[in-house]
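The values are calculated or read from the model by the stated rules, or taken from the named source; none is laboratory data. This structure is a prediction, so every number in the text was calculated from the model and none was measured. All Cβ positions, glycine included, derive from the backbone under ideal geometry; neighbour counts span all protein chains shown.
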Ligand SMILES: [Zn+2]
């Protein structure tokens, strides 16, 4: 297979149906470096297959829609990572249905090139058809594996020599090969191959070499791109942590901007490697201050919710990370106040859902106690991992929709304040907000069982009872924020209640133009974090500017959810019966809005089948295959659920 990839030389043929959908109206405003400020209503032509429609601007934060070959993409956006054509634990059909409703996912060129291979994907008409995903795809170039698989990679001017983590065989990934593979994959957005250096490296010469090589390789990428009219090539800016005037970040950015006519969008790379957060945000700040206003900006590998909230304030539009899915597989759930490590004994009799304010299926039907029981029973581990992963993706989608609504509403500063104070109930530190204050701010309770032990301080004592089962992540100066920095379960360093706001958060928000030292008084925004259960009200459509989306988002009650979830725990052990073969399930394509589950009970299979994600429904006796009628056009998809991994858990 690999030999076929490397020897593939035949000309790429236009992909059926792509050319027409990819064309961008010629009468739009051409994107230009001369555009110094954008405003709602602007619509820029960034390339033949991408236009950037600005819908709201709030300080430096932007809400926009990218028009791409496979449909609109509303920003800010989080892109779940589907390394080899699947999001682990979630079917492509579930991903398209609210509350997930993902408009783009990320595929990895290196892994897809290894298996099934570019020729196979091209034979199928590209990855979209291969994995039954009709929406947008972004592919990494493979360059990131230089860091994550460094022990297996050798970097030369020609390209990167990888040893396969599966069988040790060699694969040379050149800029030309990366473009060729991404053309075969058919991604809507392709990333240039860059020379990535671990951000913690202390070797200036290596950063110099990588910066200049990245610029040489961007020309090779542009030259080798076979479908510039149908697929969008994004340039990646490198340069380590050097944001000094004329420094490496400037050198790389200047070089990229010289190629602006060939680059519909840009990414900031080389971060999320566990670097000091004090430097992390400054690189983001530096990048968004200089990148074109009228084109999308993508911050690679960043997926901590706090990082996303802060960096959106600095002007980032797009994010990706394995964090939400990986941590979900360990039984850790994301909530606005931090993390829930559901294996903890504190949850064994907790009758609440993961998040009473979450509209996802898992939060509607499962208690923390039930999930805890399944997590502690090894035979159910894959099943419950799927449930928590589903919630975590739903959480990320809700987060970016809330941010977007706040930007459109002109209340993004309030949103950030409420988010930060909800996560760090101890408020702002009294002392200076420098590194020293940050590193000493976090207590070191090691698990939810110990929550409250390490809280410290008067504020911690007051908050301890309410937050006893909630673990706030430790966003200290050394915490990684991305793929390589994603903490494994044992490496997570949760802290107790009373945690004060890290200095880097205060400083970065100052740079974004809003002070987070004090919380907001905006009741509608506060209600997002303090409110009780709510109905299926996560907005999935683009709200009109100034429409007060946040207020409508919190309207409505979710009475009965806790009760329903409680009754579910003892009902039928749903989810604990995962013996069914899930390797391939044929499910009907459902259309239209989901019905509300009035009773919240699973006693009615038909009612539950209406809102159960298909891959989850397959777990539940009596629900698999039941419920929704096949629509009149009888569109039926074969959904291939993830198989057991055979490759190392790396990206
Ligand atoms: Zn949920």
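Yes or no, residue by residue, for (1) within 12 Å of the ligand (Cβ to nearest atom); (2) modelled with pLDDT under 95; (3) in contact with a helix residue (DSSP H, G or I) (Cβ under 9 Å, 6 or more places away or on another chain):
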position: 359; (1), (2), (3): yes, yes, yes
position: 363; (1), (2), (3): yes, no, yes
position: 369; (1), (2), (3): no, no, yes
position: 375; (1), (2), (3): no, yes, yes
position: 379; (1), (2), (3): no, yes, no
position: 384; (1), (2), (3): no, yes, yes
position: 393; (1), (2), (3): yes, no, yes
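Mind checking whether some residue in region 337-345 is within 16 Å of the ligand (Cβ to nearest atom), surrounded by fewer than 22 Cβ atoms within 10 Å (Cβ to Cβ) and either modelled with pLDDT of 95 or more or assigned to a loop (DSSP other than H, G, I, E, B) (or both)? Taking every residue of region 337-345 in turn, at least one turns out to be within 16 Å of the ligand (Cβ to nearest atom), surrounded by fewer than 22 Cβ atoms within 10 Å (Cβ to Cβ) and either modelled with pLDDT of 95 or more or assigned to a loop (DSSP other than H, G, I, E, B) (or both). Among residues of region 244-259 being in contact (Cβ under 8 Å) with a residue 40 or more places away in the chain and under 26 Å from the mean Cα position of the chain (by Cα), the one that is nearest to residue 33 (Cα to Cα) is 256.
Restricting to region 346-356, what's the tally of residues that are crowded, with 23+ Cβ neighbours inside 10 Å and either away from the ligand (no atom under 16 Å from the Cβ) or in a loop (DSSP other than H, G, I, E, B) (or both)? Counting residues in region 346-356 that are crowded, with 23+ Cβ neighbours inside 10 Å and either away from the ligand (no atom under 16 Å from the Cβ) or in a loop (DSSP other than H, G, I, E, B) (or both) gives 2. Residues that are surrounded by fewer than 24 Cβ atoms within 10 Å (Cβ to Cβ), part of a loop (DSSP other than H, G, I, E, B) and in contact with a strand residue (DSSP E or B) (Cβ under 6 Å, 6 or more places away or on another chain) within region 74-130 comprise 83, 103, listed in sequence order. Residue 195 fulfils the conditions (1) at pLDDT 95 or above; (2) not in a helix (DSSP H, G or I) except for a single criterion, (1).
Scanning region 321-330 for residues that are buried (at least 24 other Cβ atoms within 10 Å of the Cβ) and in contact with a helix residue (DSSP H, G or I) (Cβ under 6 Å, 6 or more places away or on another chain) yields a total of 3.
With respect to (1) away from the ligand (no atom under 15 Å from the Cβ); (2) buried (at least 24 other Cβ atoms within 10 Å of the Cβ), the lone exception for residue 388 is condition (1). Criterion applied to 227, 216 was being within 16 Å of residue 264 (Cα to Cα) and out of contact with any strand residue (DSSP E or B) (no Cβ under 7 Å at 6 or more places or on another chain), and the one residue passing it is 227.
Looking at (1) surrounded by fewer than 24 Cβ atoms within 10 Å (Cβ to Cβ); (2) modelled with pLDDT of 95 or more; (3) away from the ligand (no atom under 16 Å from the Cβ), which is the only condition residue 399 fails? If we test residue 399 against (1) surrounded by fewer than 24 Cβ atoms within 10 Å (Cβ to Cβ); (2) modelled with pLDDT of 95 or more; (3) away from the ligand (no atom under 16 Å from the Cβ), just (3) comes out false.
For region 288-304, the criterion of being in a helix (DSSP H, G or I), in the same structural domain as residue 376 (by TED's automatic domain parsing) and either touching a residue at least 60 places away in the same chain (Cβ under 8 Å) or away from the ligand (no atom under 16 Å from the Cβ) (or both) is satisfied by no residue at all.
Among residues of region 310-331 being farther than 20 Å from residue 74 by Cα and over 16 Å from the mean Cα position of the chain (by Cα), the one that is nearest to the ligand (Cβ to nearest atom) is 331.
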